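Data first, discussion second: the structure below is written as structure tokens.
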Amino acid sequence: MSTVLAKNIRVARLVAAVGVAALSFGVAAHAEHSDASIAKTVVGYTDLDLSQPADVRLLYTRLQRASAQVCGDYKDLRSLAMKRAYDACYEKSLSRAVDEVNHSAVTAMFAADNRIKVAGRAAKVSANT
């Protein structure tokens, strides 16, 4: 299988993962809203060489932006409940996208991201203080 074809398949899986994350959280967060739409976005990275740290950072930034875009309906920072819904949607979408990329450098960047509150990270941080 060619490298370009393999990357295109990964991009397709990434889009599906982000869409599923938005759908699964959207249904739970807004069960009372029947008109909740499913947001999808495509994150391409066939132009990147993930053996290069700069390209890994660029892909991670793209994944962050895609997650923010997918979860944008929840970004009403005036409401604490909506802020929590946005944060949970964003973290879940980003986590699934990173899992779909399945590259150790991208996963390491996600693990080091202080803005993500993954279960277990709080224990790691408190153990180091």
To the nearest 10 square angstrom, how much accessible area does Glu91 have with a 1.4 angstrom probe? 40 Å²
Let me cross-check Lys117: its accessible surface, 1.4 Å probe, with only protein heavy atoms counted, in Å² to the nearest 10? 140 Å²
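The values are calculated or read from the model by the stated rules, or taken from the named source; none is laboratory data. Given the structure is predicted, the values throughout are model-derived calculations rather than measurements. With ligands, DNA and RNA removed, areas are computed over all heavy atoms of the protein, side chains included. Shrake-Rupley method; radii C 1.70, N 1.55, O 1.52, S 1.80 Å.
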